[in-house]
1. Please enumerate the residues belonging to the stretch A:245-262 that are away from every other protein chain (no Cβ under 12 Å) and open to solvent by 10 Å² or more (accessible area, probe 1.4 Å).
2. With the requirement that a residue be within 40 Å of the chain's Cα centre (by Cα) and outside any helix (DSSP H, G or I), what does the stretch B:428-477 give you?
3. Need a quick list: helices (runs of 4 or more DSSP H) entirely within the stretch A:1-85 having at least 2 residues that are facing another protein chain (nearest Cβ under 8 Å).
4. Regarding A:Pro186, is this residue under 24 Å from A:Gly14 (Cβ atoms), open to solvent by 10 Å² or more (accessible area, probe 1.4 Å) and not small (Gly, Ala, Ser)?
5. Within the set of pairs 6+ apart or on separate chains, which have a first residue in the stretch B:117-136 that is assigned by TED's automatic domain parsing to the domain that holds B:Gln208, a second that is aliphatic (A, V, I, L, M) and open to solvent by 10 Å² or more (accessible area, probe 1.4 Å), and C-beta atoms under 7 Å apart?
6. Taking the stretch B:356-373 on its own, how many of its residues are farther than 17 Å from A:Pro333 by Cα and surrounded by fewer than 24 Cβ atoms within 10 Å (Cβ to Cβ)?
7. Do we find that B:Gly326 is surrounded by fewer than 17 Cβ atoms within 10 Å (Cβ to Cβ) and away from chain A (no Cβ under 12 Å) in this structure?
Amino acid sequence: MRLLMKGNEAVMHGAIAAGCRAFFGYPITPASEIAEMASLLLPDVGGVFIPAESEIAAIQMLFGASSAGVRAMTASSGPGISLMQEGISYMAGALLPGVIVDVQRAGPGLGNLGVEQGDYHQVVKAGGHGCYKTPVFAPNSVQEMCDLTIHAFDVADRYRTPVMVLADGALGQMMEPVTITTSAAPEPEKPWAVTGTAQTRQNLITSILLEHEKQEMHITGLERTYAEIEKNEVRWEEVRTEDAEILIVAFGISSRIARAAVAMARAGGVRVGLLRPISLFPFPARRLRQLAGKVYAILVLELNNGQMVDDVRLHVAGITPVELMRRTGGMMPAAEEVAEALRKMEKECVGNQA
Amino acid sequence: MWEIKHSRSASFYDRFERKGGNTEITHYCPGCGHGVMQKLIAEAIDDFGIQDRAILVGPVGCSIFMYYYLDVGNISASHGRAPAVATGVKRARPEAVVFCYQGDGDLAAIGGNEILHAANRGESITVFFINNGIYGMTGGQMAPTTPLGQRTTTSPRGRSFEVEGPPMRMCELLATLDGPAYIERVALTNARQNMRARKAVRKALRNQVEGRGFSFVEILSPCPSGWKVPPEEANRWVEKYMVPVFPLQVFRDLDHSDRLPKGIDVSKGGGIPFAADPPVPAAEAPEGGSVARGTIGEEALTLSGFGGQGVLFAGMALAEGAMREGLEVTWIPSYGPEMRGGTAHCHLRLSRQPIASPWISRPTSLIAFNQPSIGKFAHAIQPGGLLLANASMVKEVPDRKDIRIVRIPSYEIASELGSAKSTNMVMLGAYLELTGAVDQESILAAFVEKGTRPGMLESNRRAIEAGRRAAVEAEQA
């Protein structure tokens, strides 16, 4: 059955369906509804919600609940995610699963409450200290706010890693019909957790390894995990790429604008396709390279100063021209403008090489 | 009366295998207080029979390596955050006996906020606060608890009131809060005081076992290496320089038995989707369309007005109704820090196909609740589109022949119905009449499903229907 709800509400419905039983949060626009829903819904399923004193404390409470073997999460927006980076690094180092949702707003600093995707770097490139990464999933609909939150819990437990869901103010605040789904995988046993029992008494949750050799071994282990994640967890969506001469790459909410632009440009005879990375780490690099070999040019659409474009250029590796189209500060490109850019790109690139 | 113990506590590991190097001795310096304290804690754990249930949250500082020694569940926290981590652990596992063991830099400086709020929530945890007035592990820098006049590597001229401020007294600070159940300060200065410390340690742990809430024991403890004094003089140093600043006393001792926090009932975590539960069935739902009964194919509607006019709500109601007719729907609001009186608008797309962008730059329809909305959006209406204006507030409409312009005095109409707040429903009714986008019964069915009271439902129906009549009249005029 379909329910009309905000993306932020869908996150929490998904989390509870995934077996999340603890939420620690601090209010921030435009993410606050997630904490509000958590406080409303969790007690009814035997869970707990704590309004934390700061994002610094919230992420550490998540660290604690996760250490104790319970599925738990937190959510915030850019300024709060910045504060959580300390804890995310510790969780990665201590091999702790957990889900952190970033409902982005415009920055830097206090910025404003508008829709932006400026946290790509701090979320996808591991904004905390040290050698780690976190899997990142980027929804582009209210349905995916629910589905990818569930998926994030599964991935977090499977690889014992914090997982981030990278959304934005539009996805958090907009309403669409949602069907609440359930967890794909059963919650695994966690024999490593410290639960206050004889069986787990000798378990140790820590991220400190004083001996350099052991720290290097630990990082090598993390790298192996990330390689597994890159092998198994890549997700993307394609629209009209089968005969595309121009490719537009966009993630999250900007992919919705891109999708509208693709339809408009197609109506005008431009053969354009959309590649939408759903997992940002791992990045759909192989598919991007394949498509780059088939198209004349690539347009990257982002609501930031050009962050994902770095990854696109890295993987395209110069075989196809890559251009960036972006707005920042909460400003939004109209689909018509994007379609116009695609038309212009076709005129310049396809004409030249044909 | 006396029992002399020669054996090691069972809550210590026999050999410190996790330590590496010499597995027989600890890493603590001669004369350090940590050894004594940890022994007191281990013995209490033995005596209460809680070794399996005990979980130590050890933060950064010399105490971080307690997991080398204590054979209990161990979790390392980041600097200062142990009370937050312990909160997460205890709420997840209420049966566990969770304790933090924090130094003064950790607890009073970087972790000041976490300890304050864990104490104030009355978290059912135990905190041992080892106060030696210095950062020991990093080599003797000034801490918040360093006494005035003391020279450290970062207060080489001695701590002064004017530059660094006076030392912080954490027990006194926490004792201003209602949350804690037990707060006491003790000192490791001589055998007699050590026995007092022993008693405090046991009380603080027993409190948790018995569900009394947050317990906090501050222990003035020697750090000869940090202070640069010989080990044999360290205890005397505590007595001479610390005890006068930090008086030894019980600050709080409440006997609460109802403080155990409600933890997580993990047995309920069977993955049962909460939201998938069927909503409470509508008492008497009007007949709403389950298949789109409206006549619209693709609608891009902008609703705009002042905050408080019910603009967003009208859009939401339409979205709910459209969803019930099987249409694809997106509703996206403007949102900002203003709670009331600011501008408010939302974009609503209705479609029989999946919707790409939720934003609308060229609306097919605009419902303008106030004059500024005309200036902002009317120029963008697509040719052949609709401008529905609230004539009560919109005095000027654009001179466009290529769009349909309908003006409804919705405030007056709503007021006549006795409900000025229904302006938005009047506008919505007019819109439904003009576009046939959605059946009004689908919208009213949504209200019922959301638990709208019968009186309010009727009032909304009257407003919608009045809006429809007004639209017909306006078209005829």
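The values are calculated or read from the model by the stated rules, or taken from the named source; none is laboratory data. This one's a predicted model, so the numbers in the text were calculated from it and none came from an experiment. Please note: Cβ atoms are built from the backbone with ideal geometry, for glycine as well, and neighbour counts cover all protein chains shown. Note: accessible area is taken over every heavy atom of the protein model, side chains too, but ligands, DNA and RNA are not part of it. Shrake-Rupley method; radii C 1.70, N 1.55, O 1.52, S 1.80 Å.
1. Within the stretch A:245-262, A:Glu245 is the sole residue that qualifies.
2. B:Val438, B:Lys450, B:Gly451, B:Thr452, B:Arg453
3. A:7-17, A:55-67
4. yes
5. Between residues of the stretch B:117-136 that are assigned by TED's automatic domain parsing to the domain that holds B:Gln208 and residues that are aliphatic (A, V, I, L, M) and open to solvent by 10 Å² or more (accessible area, probe 1.4 Å), the close pairs are B:Ala119/B:Leu177; B:Asn120/B:Leu177; B:Ser124/B:Leu260.
6. 4
7. no
Here is a yes/no grid of residues against (1) open to solvent by less than 10 Å² (accessible area, probe 1.4 Å); (2) outside the structural domain of A:Glu223 (by TED's automatic domain parsing); (3) among the aromatic types (Phe, Trp, Tyr):
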| site | (1), (2), (3) |
| --- | --- |
| A:Phe281 | no, yes, yes |
| A:Gln290 | no, yes, no |
| A:Ala297 | yes, yes, no |
| A:Gln307 | no, yes, no |
| A:Val312 | yes, yes, no |
| A:Gly318 | no, yes, no |
| A:Val322 | no, yes, no |
| A:Glu336 | no, yes, no |
